[in-house]
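Structure first, commentary second.
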Amino acid sequence: MKNHRNAAARNLLTQLVLIALALSFAAPLLWMISTSLKDNSQLYMDPPRWIPSPVHWRNYLDAFTRISFPRMFSNTLIVTVFSTLGMLIVSPLAAYSLAKLDWRGKGLIFGLTVSVMMIPGPVTMIPEFLLFHKLKWVGTLLPLIVKHALGVPVYIFMLRQFFKGLPSELQQAARIDGAGEFHIYWRIMLPLAMPAVLATGLFQVMSSWNDFLGPLLYLNDPSQYTLSLGLQQFQNEISTEWGLLMAATFLMILPIIILFFFLQKSFIQGITFTGIKG
C-alpha cells in the first residue's frame, strides 16, 4: 500500500513538473497572442495583464493591410515550396547514394559534406553573394530557392544515417529480381525512409519560411519582400507598433503551427530514427 502511494506521488510530481515546463515553453506564444489583442493603452500596464480587456481585434485587420500581407505571403510561399521540393528531391538521393551504393570517392564526398556542416554561415555569405551577383540573380527570389534546392548537408547527413539503418537484404532481393538501382530507391527504400524525409522537409519549411537574413541580403524591391522582412516595417528608430507586430507575427507562424500538427507523428518518428541509427 505504501509503495502504491509512493508511486502515485512520484507520478503526480512528474506530471506537475511536465505541466510547468510545458507552460514555460508556451508562455512566449501566449504572450504574443495576448499582446496582439491589446491597444496601446494596455501594452505597458504595471503589472502586466495577460487577458486583454477590451479585446482589440482591429490589430489583425490593420496588420493585414499595412504591409501588403497577401503579396508577402505569396512570395514567402513561393520560396518555401520550391526550396523544399528541390531539397526533398536532391537530399534523399544523395543520402541514399552515400549510404547504400558503392562507388569510388564516396568516403571523400561524405567527408566533404560533413566538413561543410562545420563551416559557420557568415564565412560563406560573401562568396555566395558574389556568385549570385555574377549570375545576375540578386534582386530575385532565385538565391533563396536554389541555395537550398540543390541539397542541404545537414539533411543529407541525417538521411544517410536513416538509410544505413535499413536492411541491405531488401536491395539484394530486388537486384536478384532484376530491379535497377533507381527502381530500388524509388519503390523500396524511399517509402521506408519517408518519416525521416518528412522530418527534414518540415525543417526546411521552417527554415525558408522564417528566413530573415537571406531576403535582407538578396531582395531590394519591396514588391518581392517576404513576410519576415515585412515585419520590420512595424519598427522604426523611434518606436515599435507592438500590437500590429505581434498580430502579423502570429499570422505568419500560424501555417507552420498547423503544418506541424498534421505532420507531428512522422516528424517525431523521423527525428527518433535518424538519432538512434548510425
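Miscellaneous remarks
- Placing +1 on the Cβ of every Lys and Arg and -1 on the Cβ of every Asp and Glu, with no other charges, gives the chain a dipole of roughly 820 debye about its Cα centre.
- Rh (Kirkwood; distinct C-alpha pairs) - the chain, Å: 22.3
- P(r) tail fraction, the stretch 16-132 - alpha-carbon pairs more than 26 Å apart, %: 59
- Loop-resident chymotrypsin sites (Phe, Trp or Tyr not before Pro) (DSSP state other than H, G, I, E or B) in the stretch 91-175 with no more than 15 further Cβ atoms inside 10 Å of their Cβ: 103.
- Helical mean residue ellipticity (222 nm; -39500 (n - 2.57) per DSSP H run of 4+; nearest 500) of the chain: -23500 deg cm²/dmol
- Compared with the dominant principal axis of the Cα atoms in the chain, helix 121-134 is inclined by about 80°.
- The alpha-carbon positions of the stretch 165-278 define a convex hull whose volume is 163 Å³ per residue.
- Lysine pair count for the chain (Cα-Cα distance under 21 Å; residues 8 or more apart in sequence or on different chains): 8.
- Kirkwood Rh in Å, taken over the stretch 2-68 so that all alpha-carbon pairs contribute: 15.0
- Most to least accessible of 147, 134, 100 (protein chains only, probe 1.4 Å): 134, 147, 100
- Accessible-area composition of the chain, carbon plus sulfur, in percent [1.4 Å probe]: 69
- The residue among 110, 83, 48 whose Cα reaches farthest toward the positive pole of the charge dipole of the chain, with charges on the beta-carbon of Lys, Arg, Asp and Glu, is 110.
- Measuring between their Cα centroids, the stretch 191-240 and the stretch 12-82 lie 18 Å from each other.
- Two numbers describe the Cα atoms of the stretch 63-104: Rg and Dmax, which are 17.9, 57 Å.
- Candidate residues 209, 31: accessible-area rank, largest first, probe 1.4 Å: 31, 209
The values are calculated or read from the model by the stated rules, or taken from the named source; none is laboratory data. Just so you know, these numbers come straight off a predicted model, no measurement behind them. Reconstructed Cβ throughout: ideal geometry from the backbone, glycine too, with neighbour counts over all protein chains shown. These accessible areas exclude ligands, DNA and RNA; they are computed on the full protein's heavy atoms, side chains included. Shrake-Rupley method; radii C 1.70, N 1.55, O 1.52, S 1.80 Å.
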